[in-house]
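Working notes, structure below.
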């Protein structure tokens, strides 16, 4: 693991997610750019002191010298955004598979370069667009794929949060600090941090791709250099001759009192659906002229994809960590198949990868460009 | 009453709303453009046959000849949109006060003309933007007015319906038939019928006015001549030097499975709120760093405006008709004060009027223009 | 109308409910035991002064002298409990049909006497167990009747309120005052006022009858002479050889923060259902091994009984008054059929009557007896 | 770990829960009474083959011979009920600390014996009444302890499930099979499996103890030898001179369509609360005459107990496994303190123990006795 020392949020999430199914063991890390802190963080995790490295460079170099089987199998990158690319490039250079937090890189150019590197390396690359790991997100996708909703007409995807409604970064709060800093976060705060999740979720569930968009980003907190809110009109590419779907995406970090309100509604010719991340074990299916159905994790026959992503019986809530763990589970299964020389299943391969990352970075750059433009519709990717 | 014969929807709503508080009695009507049908409709309502007129012209002329006190006090106009203007103009011409269904007229020009006529006449004019009649809509407005939410930053107002997701008008369904007909409905179906409610609700609650907008209207049903869905980015005029609020408005008649899902979320500097028409007796107040509050009709100290608009104790659901009745109640109280020569209270005067109607018509024309334009931002009113 | 003067709650409800459909006109009343107050109340309702009587005795005597067609058609009794019986008896004695608030009488003996009088008179008698007027209560009943849930196994019916959690009656609050006074309310406060609604709802929906019960009533507020909370185990009579259903009923006026939380859950062999009065337009149907369905007023094909009880399209909330009005609507239709010499429909006849009232009074006396007894199971009726 | 081989449900839950925080490593097990199956199960978990034992006897004997530090620190018992006691007794005999699934033993006599053994041994004993591990259950408890709700008056605790609404055990389904078998499950199916969770939750949250009860257990499925539903009236022991609280507890496995619906409502003099396991990150606080508050995991200042039990920020749902993991986390921290010779914190010690287990077994025997009795109130413990 690179990053994720004491006090970091997402590192602990990755570790819990990786541990959940007993298939992955954390054995080495460069948890901080401060060597002592890295050691200390590793000690708290019961790691061998000699495998708590002072830097990612040291980590890769040292581990690569260990015999196969003793060395790490893959690297988790959980640093702030601006380090994703150099760390991933280095890891791949040493022949390590990679799981990386999102957004994938600092900018689109890096993302494209990374995609090329991954492709050339033949190594596995996973990106933690974790919200697609929820069982009922997979159910939603399966229902749409199977045609139950008919051609999709309208998509409304939202990601309201309220935690940056005041100038939290001034208090030194670590999460707020780097996310609002263009040098570490990139071209966008709100759209980079959470807008990309919304974009990824909408495309994952519907199987459609955004084609043009019209964005209005805002910074409501005086002195904050990046956006903390954004509203976007969407037009999707037409699937197989159908009239193109339209939609809205909005994300916010200043919607006071909202927690982590990612949610999506999709309406097709024959039916609709609604899903909310904060109550992830419920998927509502809407039909014309008959009662809505409340699909629940663990109840009745779900799609194989959803069933595969669920660990507990009905009414035993599965949450954020379980969804996150599904990415690790599938990544690990694909990796194991690779190590065993067998073919991974379609279930194993169901984790976001470098192409999702390129698309996410393109989304960020496109909404930033659109927001600055007087042109109504901007092509995506820009 | 003009319009609202047998088979009509909104006429029955107006009658029930007017009757609810025992302050208004229906005594005469021209319920249909078909004289026999008008008579028949009136008979079913236990009206005197001689006061069931063959046309609105006949109604006004005949009633105006009755002695004061025997004649009607005011006219309710519940016809399809294209008749609102001529009927209202005629009624005002005879000196009758008017309550009119929305959208107020067929187009903005008529709306402006009607506003001038009303002003000149000195008569009362009520417009049934009924959703502002809900007690907790008034509570939301009072909370924002009092500054509890701080300066408003973001407004999300939605009005999804699904009833026109198929070509219902082809089946001859009366409601669908006229609403999708440009000759009777005007320049817009979805935005005229329900988008205006969303616009009115957002401005009523926040006290802000939309300044510019960017719209994308759609017609998803082949062969339908008007829009059945629309997505709009909003920018509000700045209140007292604050950074301007932004927002989204979307309305739809093709969101399959949605019923009558008008809802609004408003986020300010200090707090937020959420209200949904389908569960109108709950208003959620959102705060930073402390639990959300669930304000309920009839529970604890509400604002005087909300308390005045509520008839029942806590937990006794008040619905659509009660909210609608609040417009009639306030209109009737204002009218009674006028008849009694007393001053109406602020509560009495709280009903939408001709200026709301002008604004609603301007909204329709502006979103239609914006949708057709390649310009990103269009001024409102256009 | 007898009772329901200014300041009373339920009188205004009855008036609004009766007015809603334009089929009933309030023309006379004895609104208070204080003659001046009765006049004043009637004036506020725009009644002719000569028909605002000083007492119910005067009302009945005077109206009975009017020619048929001019006199009242029926009497609404909305007094405190202890007056229901004498007023009803007098009204029936003069040949007036009666609608009476619940609980029907002061005690079971009176209830049985009243039932005999009604039977002998051949007059109509309606009892406002208003919660059975909701469209989806009728839908629930229709679903069970049709066998969709299979034989019923378990019934959980609850009626929590919190308004008497402190000694409100000491403040002189009128509603609290008479309900906690054994001389005016009868043998029970909580079970009489709301427990009977729960009992009536459970039996109406399931079509089953309680056979034995085991009650534990409490008075939590020191110095209050009647119960303010009660918990009851239920066993139902077996329907057609099935194993008998069991259940729980609890009602409370000290469940702080609860509003008017009447709700019911029924589980059968093949399916279950849930309905809550505070969100009355939703009925959840539960199935084994497939998604729950959310039945909504106005959506899709409902039973004819439910459709008949609904006035508005989907998503236009119908509430307490509309449900209440359904009792008046059906009573009025039955009365009209009687006046017209035609046969009322099954829909018209769907309102609670004197037998429901007898059962309700028996319920009160049985739970009071059970609570005082050391015997586990007490037969119902006692 | 003893039990929890392939196909078992609860073993996998214990493993995930134990792994979540990176403080516990599974190193040995006797996963099945079938030696080959135990090996196979262990292999799938990447355990060393020599530590996958053929029986619990072998496991304890072999591990006890390993040097301190190499051997297991404690034993998790996840077998069917009837084996809990002998396995726990054996483990404690070898000096191993124990975490055991609930119900703790086969009957009350065993429970009392085990309590004595634990006491004498001085070893740690944890019991996985996992539902008390939820952050907001701890918040509820803290609020009541601090007196915010005042003296408690009424408790309603429910645990509806529907999975045994048909005779699932006939199909050979493993979970249903042993739970409905008196030889493996004990004196009760429904009350033993889930009723005890409800009892434990009610006493944990309120800090009150049930004093007498009145139960009505049922078996709705013909041929099933144990109860599959039960309704219980509760009376609690008075706390410090207050009038005693009353309540209801009902649990069911035949409530078709219900998933895992454990929930509780508590009403005190000054306030009430509601919590539902299926949406565990929300706790509703109810107040007289002011809006209800929606307390959420991760939002605002929670009690230290709740904050300690939560791993993620607001809006990142924590579920069943996280709550389960909290028991392991606290147990592990207490164990580590013991190993380190330090004092565990109050947080560390917050896990259910042998006394909860005795009380749970007493509850089962008391409700079974009460149900069979004609006596209304039966003392608890019986």
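The values are calculated or read from the model by the stated rules, or taken from the named source; none is laboratory data. Since we're looking at a predicted model, the values are computed, not measured. When we count neighbours, we look across all protein chains shown, and the Cβ atoms used for this are built from the backbone with ideal geometry, even at glycine.
Data for the structure
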quantity: Tally, over the range C:290-313, of residues that are farther than 22 Å from residue B:318 by Cβ, assigned to a loop (DSSP other than H, G, I, E, B) and within 9 Å of another protein chain (Cβ to nearest Cβ); calculated: 2
quantity: Test: residue D:356 is more than 12 Å from chain A (Cβ to nearest Cβ) and farther than 24 Å from residue D:97 by Cα; calculated: no
quantity: Residue identified as in contact with a helix residue (DSSP H, G or I) (Cβ under 9 Å, 6 or more places away or on another chain) and part of a loop (DSSP other than H, G, I, E, B) among C:4, C:11; calculated: C:4
quantity: Single condition residue D:336 does not satisfy, out of (1) more than 18 Å from the chain's Cα centre (by Cα); (2) assigned to a loop (DSSP other than H, G, I, E, B); calculated: (2)
quantity: So residue D:188, is it buried (at least 20 other Cβ atoms within 10 Å of the Cβ) and in contact with a helix residue (DSSP H, G or I) (Cβ under 6 Å, 6 or more places away or on another chain); calculated: yes
quantity: Hey, residue A:61 at pLDDT 95 or above, surrounded by fewer than 21 Cβ atoms within 10 Å (Cβ to Cβ) and out of contact with any strand residue (DSSP E or B) (no Cβ under 8 Å at 6 or more places or on another chain) or not; calculated: yes
quantity: Meets criteria (more than 21 Å from the chain's Cα centre (by Cα) and either in a loop (DSSP other than H, G, I, E, B) or crowded, with 16+ Cβ neighbours inside 10 Å (or both)) for residue D:366; calculated: no
quantity: In the range D:14-54, the residues that are at pLDDT 90 or above, closer than 23 Å to residue D:103 by Cβ and not in a helix (DSSP H, G or I); calculated: D:29, D:30, D:31, D:32
quantity: All positions within the range D:314-329 that are in contact (Cβ under 8 Å) with a residue 60 or more places away in the chain and either away from chain A (no Cβ under 14 Å) or touching a strand residue (DSSP E or B) at 6+ places or on another chain (Cβ under 8 Å) (or both); calculated: D:327, D:328
quantity: Residue selected from the range A:275-289 under the condition more than 9 Å from chain B (Cβ to nearest Cβ) and assigned to a strand (DSSP E or B), by the criterion farthest from residue B:221 (Cα to Cα); calculated: A:282
quantity: Condition met for residue A:301 (modelled with pLDDT under 95 and over 26 Å from residue A:18 (Cα atoms)); calculated: yes
quantity: Residue within the range C:296-308 that is in contact with a strand residue (DSSP E or B) (Cβ under 7 Å, 6 or more places away or on another chain), at positive phi and free of Cβ contacts under 8 Å to residues at least 40 places away in the same chain present; calculated: yes
quantity: Residue list for the range B:1-20, filter: out of contact with any strand residue (DSSP E or B) (no Cβ under 6 Å at 6 or more places or on another chain), within 19 Å of residue C:319 (Cβ to Cβ) and surrounded by 24 or more Cβ atoms within 10 Å (Cβ to Cβ); calculated: B:16, B:17, B:18, B:20
quantity: Among residues of the range D:114-154, those that are under 20 Å from residue D:306 (Cβ atoms) and over 19 Å from the mean Cα position of the chain (by Cα), counted; calculated: 9
quantity: Residue within the range D:340-351 that is free of Cβ contacts under 8 Å to residues at least 24 places away in the same chain, assigned to a helix (DSSP H, G or I) and over 21 Å from the mean Cα position of the chain (by Cα) present; calculated: yes
quantity: Residue in the range C:207-217 that is away from chain D (no Cβ under 12 Å), surrounded by 24 or more Cβ atoms within 10 Å (Cβ to Cβ), part of a strand (DSSP E or B) and modelled with pLDDT of 95 or more present; calculated: yes
quantity: Hey, residue D:347 more than 14 Å from chain C (Cβ to nearest Cβ), touching a strand residue (DSSP E or B) at 6+ places or on another chain (Cβ under 7 Å) and farther than 30 Å from residue C:216 by Cα or not; calculated: no
quantity: Residue within the range A:30-39 that is buried (at least 18 other Cβ atoms within 10 Å of the Cβ), closer than 26 Å to residue A:339 by Cβ and within 14 Å of chain D (Cβ to nearest Cβ) present; calculated: yes
quantity: Residue ranges of strands (runs of 3 or more DSSP E) in the range A:70-186 with at least 3 members within 14 Å of chain B (Cβ to nearest Cβ), under 25 Å from residue A:322 (Cα atoms) and touching a strand residue (DSSP E or B) at 6+ places or on another chain (Cβ under 8 Å); calculated: A:152-160
quantity: Residue C:99 being buried (at least 22 other Cβ atoms within 10 Å of the Cβ) and under 30 Å from residue C:182 (Cβ atoms); calculated: yes
